[in-house]
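The values are calculated or read from the model by the stated rules, or taken from the named source; none is laboratory data. All of these numbers come straight from a predicted model, not from anything done at the bench. Every residue, glycine among them, receives a Cβ derived from its backbone with ideal geometry; neighbour counts consider all protein chains shown.
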Amino acid sequence: MLIAGEASGDQLAAELVGALRERVIARSMDSTSDAQPLRTALAPRFFGAGGPRMAAAGVELAFDMTKHSVIGISEVLKNYSKYRRLFKQLLRLAIERQPDVIIGVDYGGFNLRFGKAIKNYVRRHRKEFAPWDPKIVQFVSPQVWASRPGRAYSLADNYDLLLSIFPFEKDWYAKRVPKLRVEFVGHPMVGRFSVRSPESNAPGTPPFVLLLPGSRADEVRRHWPVVTSAFELLRRELPTLRGKMILPSQSLADSVKPLGLPLGLEIQVGGLTDALAAADLAITKSGTITMECATFGVPAVVFYKTSWPTYFIGKQIISVKYLAMPNLLAGEEIFPEFIQHEATVENISHAALELLQDGPRRAVVKAKLVQVINSLGGPGATGRAADAITSLLP
């Protein structure tokens with residue numbers, strides 16, 4: 001059983017399913033020279049909740065979890081009854097179908113509660129001689145090192161395996177909850193793309209900027225006036241500037257087109273990889289996308305605006321200095337960050353203009369991004385994750 005709640009987790013889970021299928025089939029075959037082996041290859045079955053990529057990979061979905069994704073504590077509270085209903089539906093499904101392994105893919109707030117609920121069910125029914133005791137796995141650590149570190153103890157109590165994608169996490173957990181098995185498998189983004197050489201476009205080529213306001217409708221609506229106005233200011237300074245706003249779906253693109261686009265900017269649905277390969281700069285919301293910018297060696301200006309209740313709660317519980325993961329991994333602000341009230345049109349456009357015009361600074365940023373990506377391990381993270389998961393099987 002797999003549960004992923006966001007587009008990035010949906011892709012990661014789909015890749016993991018392919019790797020798991022290969023390994024489980026290989027394990028189920030006897031290495032024998034007999035003409036009629038005692039066992040034949042048995043393909044594993046996958047079910048759960050996720051998105052279209054998991055469905056395409058052969059996962060039987062109870063529902064599309066990615067359609068219900070929101071960000072921020074206040075937004076989650078507004079949708080509490082819906083998430084409670086989905087949670088109970090998945091819990092009933094797990095108890096009914098009794099999978100050997102339950103894998104939460106990112107989506108830590110939901111998945112950590114789900115893993116705990118499963119373990120509590122198993123503990124309550126031990127006296128009934130119920131044999132079901134699934135292995136519980138979390139692929140991508142929740143950011144307990146950034147906020148609410150006490151969640152690490154819940155992981156240690158309820159999880160059999162935590163698969164880490166950042167190199168510092170294994171030591172962080174070892175110091176606090178040494179009984180929790182943590183495996184650093186590397187970042188799945190490494191090796192996923194065919195990345196260009198980190199060279200600037202040819203002299204005289206008009207600069208090309210990507211606008212990446214988010215993948216959720218509420219994010220895009222909140223960020224739209226900031227990124228489009230920042231692009232307009234940039235174009236006043238650089239009249240030949242070209243820009244693309246990348247959105248994940250046609251429905252989302254259609255919903256914002258009536259708002260009007262500045263001259264020189266177009267909307268594109270999908271195709272992020274090719275766009276990053278050609279970009280000189282990205283103006284992007286914080287999140288996984290900042291690692292994709294780093295992978296392609298694209299300098300970026302990072303911003304985020306959320307509801308004020310969510311922002312004030314976040315200020316109380318977040319303990320790290322930066323939100324962009326490349327900055328956290330480097331221990332310095334490689335990408336300029338502007339959060340909430342600092343995410344103004346003027347701040348973002350000014351930082352973007354500096355990164356476009358300052359050649360030596362761009363070279364330094366690109367060199368540091370190479371160091372960040374090199375720290376994440378080699379290609380094959382999902383394969384290593386699948387190996388660790390199959391090691392839990394009898």
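Things worth noting here:
Every residue, every condition in (1) within 21 Å of the chain's Cα centre (by Cα); (2) closer than 23 Å to T205 by Cα; (3) modelled with pLDDT of 95 or more, yes or no:
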| position | (1), (2), (3) |
| --- | --- |
| G271 | yes, yes, no |
| A300 | yes, yes, yes |
| I313 | no, no, no |
| Q316 | no, no, no |
| L323 | yes, no, no |
| N327 | yes, no, yes |
| P336 | yes, no, yes |
| E342 | no, no, yes |
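- Restricting the search to strands (runs of 3 or more DSSP E) fully inside region 244-306 and requiring at least 2 residues that are surrounded by fewer than 17 Cβ atoms within 10 Å (Cβ to Cβ) and touching a residue at least 12 places away in the same chain (Cβ under 8 Å) gives 265-269.
- Looking only at region 122-156, and only at residues there that are hydroxyl-bearing (S, T, Y) and within 13 Å of V177 (Cα to Cα), the one that is surrounded by the most Cβ atoms within 10 Å (Cβ to Cβ): S154
- The lone exception for R148 - which of (1) of a type in the set (D, E, K, R); (2) over 26 Å from Q316 (Cα atoms); (3) touching a residue at least 60 places away in the same chain (Cβ under 8 Å) it fails: (2)
Yes/no matrix, rows are residues, columns are (1) modelled with pLDDT of 95 or more; (2) within 30 Å of T306 (Cβ to Cβ):
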{"residue": "I71", "(1), (2)": "no, yes"}
{"residue": "V76", "(1), (2)": "no, yes"}
{"residue": "N79", "(1), (2)": "no, yes"}
{"residue": "I95", "(1), (2)": "yes, no"}
{"residue": "F110", "(1), (2)": "no, yes"}
{"residue": "A130", "(1), (2)": "no, no"}
{"residue": "V140", "(1), (2)": "yes, yes"}
{"residue": "Q143", "(1), (2)": "no, yes"}
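- Residue match in region 211-218 (condition: hydrophobic (A, V, I, L, M, F, W, C), at pLDDT below 90 and over 27 Å from L353 (Cα atoms)): yes
- Per-region count, region 303-324, residues in contact with a Ser or Thr (Cβ under 6 Å, 6 or more places away or on another chain) and within 19 Å of L210 (Cβ to Cβ): 3
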